[in-house]
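Below: the structure, in structure tokens.
The values are calculated or read from the model by the stated rules, or taken from the named source; none is laboratory data. No experiment lies behind these values; they were computed from the predicted model shown. Using ideal geometry, Cβ is built from the backbone for each residue, glycine included, and neighbour counts are taken over all protein chains shown.
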Amino acid sequence: MDTPLKSDRRNFLKIFSLAALSALVPKKAASAVDFRNDKNIPKQYIQNRDNPDFHIRSANPFMGVDMQSWGLAIGGRVKNPIGLGYEDLFGLKMHSQVSRLKCVECWSAKAKWEGFRFEELVKKVQPDPSAKFVYIQSADSYYESFALEELLRPRVLFVLRMNGQSLSPDHGFPLRLIAPFKYGYKNIKYITSIKFLDTRKRNYWSNSGPYSVDGTIQPGVDHPLDFNKKPLPINGGEVFHYFDERPGNVSKPEDG
Ligand SMILES: Nc1nc2c(c(=O)[nH]1)N[C@H]1C(S)=C(S)[C@@H](COP(=O)(O)O)O[C@H]1N2
Ligand SMILES: [Mo]
């Protein structure tokens with residue numbers, strides 16, 4: 001089901017007003033405090049937490065998305081750049097799947113995810129033939145990078161609902177990506193912008209730790225890209241953590 005043109009236009013105008021607004025507001029005003037290296041993150045911030053059911057990973061702790069100013073901007077090398085509001089996303093054809101998210105830290109958890117497929121957005125914006133890559137940015141200054149083709153694969157969902165409810169702030173409200181064949185860090189939360197590009201950009205964790213841009217889960221290997229680009233084998237059928245085995249050998253990077 002396509003969102004009516006009228007709605008696209010309304011949101012296209014909204015993008016302009018957002019752009020005008022952001023020109024007035026100094027960059028980073030919303031997240032003036034940087035808690036990345038802070039041990040005492042205020043309780044109300046979204047932050048790393050090990051839950052029995054589903055861990056939370058948040059590289060840049062923040063207060064969550066403010067829906068007053070949230071919109072999804074889709075542009076770059078496309079015929080029709082658009083802006084969509086939260087309600088517009090529910091006009092897209094929904095799919096549901098149960099799949100597991102696997103973090104490079106060797107925990108995993110599964111959930112029922114509901115959302116739309118990337119082709120819904122592709123149909124609307126009509127990428128140029130040169131647009132072979134996609135760059136996704138989020139409200140917590142996280143960013144990811146994909147080949148366009150990867151996002152069109154089966155079981156890749158732009159997710160609005162988790163286990164029968166709207167995504168919680170911890171798990172990426174209002175919009176996150178689920179790509180089960182990629183490590184957790186590729187499954188970007190709090191999405192605000194999707195750009196079609198002719199070059200491949202890097203992602204947050206390849207710039208901040210020993211992780212690859214690609215992030216494809218390889219059976220029999222711990223990380224897709226470990227130190228010295230040497231894949232680490234799975235020990236005894238279980239994934240083990242490099243840092244558990246060689247204490248002091250290398251410094252532990254931030255949580256990935
Ligand atoms: N915007 C954003 N997306 C993100 C992250 C993040 O810090 N910010 N962490 C990633 C990592 S490392 C993992 S393992 C998963 C964890 O998802 P969860 O917090 O819903 O369990 O989210 C990924 N997506
Ligand atoms: Mo992760």
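Assorted remarks:
- Pairs, first within 13 Å of ligand 2 (Cβ to nearest atom) in region 178-194, second among the small types (Gly, Ala, Ser) and at pLDDT below 95, C-beta under 6 Å, six or more apart: LYS182/GLY215; TYR183/GLY215; TYR185/GLY256; LYS186/GLY215
- Residue within region 158-175 that is more than 12 Å from the chain's Cα centre (by Cα) and within 16 Å of ligand 2 (Cβ to nearest atom) present: yes
- Note on region 74-105: among residues that are assigned to a strand (DSSP E or B) and closer than 30 Å to ILE41 by Cα, the one that is nearest to ligand 1 (Cβ to nearest atom) is LEU101.
- Single condition ASP34 does not satisfy, out of (1) at pLDDT 95 or above; (2) within 16 Å of ligand 1 (Cβ to nearest atom); (3) closer than 29 Å to LEU197 by Cβ; (4) in contact with a Lys or Arg (Cβ under 9 Å, 6 or more places away or on another chain): (1)
- Residues in region 95-109 that are more than 16 Å from ligand 2 (Cβ to nearest atom) and in contact (Cβ under 8 Å) with a residue 40 or more places away in the chain were compared, and the one that is nearest to MET162 (Cα to Cα) is GLN97.
- Within region 120-160, tally of residues that are charged (D, E, K, R) and without any contact (Cβ under 8 Å) to a residue 60 or more places away in the chain: 5
- Residue that is nearest to ligand 2 (Cβ to nearest atom) [pool: residues in region 42-56 that are in a loop (DSSP other than H, G, I, E, B) and closer than 18 Å to ASN163 by Cα]: HIS55
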